[in-house]
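In what follows, a structure is listed as structure tokens, so that the remarks can point back to it.
A short reminder: the numbers here are calculations on the coordinates, not readings from a lab. Because the structure is a prediction, the values reported are computed rather than measured. Here the Cβ is made from the backbone with ideal geometry for all residues, glycine too, and neighbour counts use every protein chain on show.
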Amino acid sequence: MDGATFVILALTMISASLTIIFYISWRSFGRRLHALAWSVTFGVATVQWAGNILNRVPDFFPNFTTYWMIVSGLSYTAALMGLTGYLLRAGRHVPLRWMAIAVVVADVITYLSIPPGGHFGITVALSPMVTSFTTGMAAWVLYSAKKRKNAAEWGAIGANTLFCLTQVTMAAIALSNGYERDPEIQRMFGTVMFLTLPTAFTACGLFMVTVLASDLAEKVQAMAVREQNRLKARADKYWEILQDVIGVIPDMVAIDDGTGRTVACNDKFAEILGAKKEDLMGKSILSTISRYGSLFHSVDGKEADAEGNVVAAGLYRALKEGHQLTVRLKDDRTFMVDCASVEAGGNILLARDVTDILAAKTQLDDAITSMPMAFSFFDADGKMIACNRDMERLHEQDRSWIASQSMESLLYDLLSRLKSVNGVPTDMQDGWHEAGVIEALTTGYTSFLGELKDGSWYQISSRKVDGGGFVVIAHDVTQRRQLEMNLERNEAQLRDVLKGQPFPVLILRNSDGCILFASNAAESVLGAGRNELIGSMIGRFMEKGDAAALPLLGSVSGRQGTLREATFQRMNGDSFPALYSGLKMVFQGNDATVMSFIDVEDKAQLEAELKAQREALFQSEKLNALGTLLAGVAHELNNPLTVVVANAHVLSMSSDDPALAERVQKITDAADRCSRIVRTFLSMARKGQGEKRPFKIDDCIRSARDICSFGYKTDKVDMDISIAPDVPEMIGDADQFSQVFINLFLNAQHALASQDGAKKVRLECIFDAATKEIQVDVLDNGPGIPENTQGRIFDPFFTTKDVGSGTGLGLFLVRGSVRSHGGTIDLMPPTPENALYRGAHFRLRLPLGTDVGEVQKVKATGKPKGVSSVLIVDDEPEILTSLSDILELDGHKVRAVSSGGKALEILKSQTFDVIISDLRMPGLSGQELFEALSQEHPELVRSIAFMTGDSLSAEAQQFLESCARPVVNKPFSPADIRALIYGIEKEQADT
């Protein structure tokens with residue numbers, strides 16, 4: 001082996017050894033001072049050996065002295081650093097600064113102590129040898145306090161001793177042969193040093209590895225023990241904390257170790273079983289529950305057994321599947337039990353007493369169910385949590401369907417059932433369903449009044465609650481809404497009534513006298529518009545201001561008060577005295593007073609008007625009584641007058657002597673006139689509206705003329721009547737129009753009574769084909785109606801006549817009759833065409849009431865077609881004879897009987913085309929005869945007709961309306977009888 005190869009091999013071994021030692025020490029002990037000291041030691045030794053190797057290179061060092069000084073200094077440093085590492089590892093204090101100073105001083109002394117002579121070799125040999133030996137032994141003694149050393153330690157001591165002996169031997173050889181003078185000795189010395197030093201240091205390295213490995217094992221074991229103790233202490237601490245936590249939990253808690261043994265539980269768990277916690281530790285939870293099975297009533301609704309098998313089975317399933325149990329004890333306590341497995345192994349059981357919660361929930365459910373309104377509650381996600389039966393009925397669905405829907409869809413379903421929202425029909429609000437849902441979900445609140453399609457009303461509200469979620473309430477306000485609508489209608493009617501009052505009316509709020517309502521008359525009297533009155537204080541319209549309003553409001557009571565005096569003030573500031581009366585009421589939700597007042601500035605005129613109205617009312621009552629008396633007299637005249645009229649017509653029809661015929665015609669005309677007068681009296685006395693049927697207006701005019709003719713002749717009033725020939729019949733109540741023209745004729749007579757000169761009254765009647773109306777003008781040449789009273793002539797009890805001369809009801813009734821037939825009556829101004837009649841001019845326009853062609857159906861005046869068999873029933877023999885003569889002259893076959901019973905007997909064996917029966921007869925009356933025919937001979941019902949003079953009887957009128965059979969009033973003419981028979985024949989022919 002040459003020198004270069006040896007050098008490379010030696011350096012490789014040294015470097016590997018030092019690297020391993022450094023790595024082990026650094027990983028084992030971390031960054032500690034003794035490991036750092038050892039690292040520096042081996043680093044310095046490496047540099048020293050590098051110097052030894054470089055010394056083998058010729059001329060690398062300038063001289064041997066320089067080389068040896070460097071190597072010796074590094075030897076001192078390595079030895080001292082190694083010693084420092086041992087001392088630090090042993091836990092001893094090391095004065096590093098003083099040791100560094102000692103190394104420097106030792107190097108300086110060594111260098112200065114080398115003489116130039118032959119003793120240089122001894123100095124060179126002894127200095128590093130003694131230093132190395134001393135360092136190794138000191139380190140061994142200081143570090144190892146053991147009396148017995150291991151093989152590695154003895155190996156290190158032996159290597160160090162060998163090194164020292166080698167150094168002594170080499171020093172002796174050098175001394176005996178002259179080291180400095182013999183180059184061969186010098187090379188041999190270097191070779192021995194080169195070989196022995198690595199051996200010594202390698203032995204020291206093995207020693208250090210052994211020591212470090214032993215120390216590392218102890219270190220690891222100590223660390224493991226410390227970690228185990230630390231973990232155990234931590235586990236004990238955590239277990240204590242867990243025990244404390246379990247102890248303070250208000251619920252019942254039990255934990256097992258996975259094998260079924262109970263490792264922890266709290267006092268609540270033991271208390272529910274009636275045991276001590278210590279008795280339950282180490283035992284299986286399932287076996288514990290089973291042992292106390294007699295305490296349990298049911299598990300998830302399933303009845304428990306005394307052995308606890310049902311409870312144990314339920315807990316076992318809960319532990320395996322991780323679901324919740326509802327356990328009820330026999331003392332009626334209820335627990336919600338949760339079971340779960342933990343990752344570390346084992347199971348945990350948690351039981352919570354929910355008895356109070358369930359009771360509260362039951363009470364809440366009962367409260368929600370008994371709420372007088374539809375109620376539902378939704379969580380923040382829109383899921384239904386609770387609702388009552390009223391909400392189910394509102395949706396027309398059960399609870400399960402409602403629970404399956406979102407709040408948005410339920411709101412939409414509810415809104416889609418509405419017919420109107422806040423009074424506006426839903427079919428007039430496009431997209432309002434979506435708008436209502438969006439408003440409820442975005443703003444958190446919506447409220448509206450909705451009408452369902454079945455007519456019920458609900459106040460529907462949706463509100464967002466603080467904790468999230470929504471409450472939807474639908475309150476049935478149908479009854480309240482109906483009351484409100486009735487109130488609104490009543491208030492509207494009240495306004496209309498009060499507005500139309502001729503006297504001023506105000507409604508005042510009691511609290512401050514604010515005007516809430518003013519009638520048209522009040523606006524006119526106070527000279528203010530509605531906007532100026534409404535909202536103003538009553539004191540604004542009183543002479544003394546607001547102070548005057550207080551006694552005004554306080555002077556009324558809950559009953560109609562007496563008239564009181566006050567001074568009012570118009571808008572322009574003018575004052576006027578007034579009489580007022582008030583009545584307390586509630587108006588628009590306010591305590592109010594309705595007050596009417598009268599301007600009494602012309603008190604005498606007012607009193608005179610009141611007196612005149614009272615007299616007019618009294619006169620009206622007298623005339624009404626007189627009319628009733630006259631009607632009764634007229635009714636009693638009916639039967640004898642019927643005989644006169646009928647016989648007069650029979651004589652007229654049967655006489656061929658012209659002279660006799662003329663006299664008979666006069667009798668006939670007089671009889672017809674008497675008949676019209678009697679009918680007019682009866683119609684005036686008849687109550688209620690008569691039957692509307694076709695009639696000729698000229699008949700009514702002539703009847704009224706006949707009634708008034710005596711008065712006209714007495715007052716020398718000329719009456720001119722002009723009726724166009726083309727005036728058709730109209731549909732209506734002929735009796736009412738007879739009264740209309742009587743009133744108009746009498747008014748004209750009274751207006752002309754005190755007038756000097758010519759007194760004229762004219763009536764013109766024409767037919768307006770364009771409008772299909774009959775126009776009647778009644779004019780006179782009297783003084784006319786004053787302009788200031790023309791607007792009131794149609795008001796009730798208003799009259800311009802003297803006291804006792806008029807009732808003030810004539811024109812009022814005239815207008816009512818005309819309007820009831822769809823017509824109009826107006827007071828017309830004077831025109832040049834009527835220069836001779838500058839007084840009052842009344843114009844009536846009357847619609848025909850139906851198609852003109854239908855109205856112009858003419859009564860049959862000739863003989864009916866064919867010959868009919870007629871049965872006459874009447875208890876008056878004269879009437880039977882007269883009627884029989886009329887019918888026989890027309891060619892009919894007539895049989896007359898005097899009672900309804902006889903007629904019924906005849907009808908059993910014989911039939912007639914026409915049956916004419918009186919309505920009122922002794923024995924079997926006409927009504928009873930009709931009822932008997934309806935049952936026994938219903939085919940003859942269409943043949944019967946009635947005649948009556950009892951037109952005032954309400955019973956008779958009711959029967960005639962119900963039976964719907966033709967009737968002719970006494971007294972009658974042959975034309976009336978012909979028309980009656982013609983109508984029956986036509987009815988029979990049509991069917």
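Taking a Cβ cut-off of under 10 Å around F296, the surrounding Lys, Arg, Asp and Glu residues balance to a net charge of 0, with basic ones at +1 and acidic ones at -1. From the square roots a ≥ b ≥ c of the eigenvalues of the alpha-carbon gyration tensor of the stretch 691-744, which class results: rounded (a/c under 1.5), prolate (a/b over b/c), or oblate? Oblate shape, in that a/c is at least 1.5 and b/c is the bigger or equal ratio. Across the stretch 250-353, the relative contact order, built from alpha-carbon pairs under 8 Å that are at least six residues apart, equals 26 percent.
Applying a threshold of 21 Å to the alpha-carbon distances of K237/K283; K666/K760; K692/K772; K902/K970; K692/K970; K268/K361 flags K237/K283; K666/K760; K902/K970; K268/K361 as lying beyond it.
Charge tally around A374: other residues with Cβ under 10 Å, Lys/Arg +1 each, Asp/Glu -1 each, net -1. Between L563 and A313, the contour length at 0.36 nm per residue exceeds the Cα-Cα span by 80.6 nm.
Here the spin labels are modelled as points 7 Å beyond Cα on the Cα-Cβ line, and at Q910 and L358 they lie 9.8 nm apart.
Can you give the local net charge around Q588? Use residues other than it whose beta-carbon is closer than 12 angstrom to its beta-carbon, Lys and Arg +1, Asp and Glu -1. Don't skip to the end; give the middle numbers.
On the way: positive: R495, R509; negative: E484, E488, E491, D591.
Charge balance near Q588 sits at -2.
For the stretch 344-369 and the stretch 734-778, what is the separation of their Cα centres, given in Å? Answer, in whole Å: 95.
With a ≥ b ≥ c the root eigenvalues of the C-alpha gyration tensor of the stretch 869-990, is it rounded (a/c under 1.5), prolate (a/b larger than b/c) or oblate? Here the stretch 869-990 falls in the rounded category.
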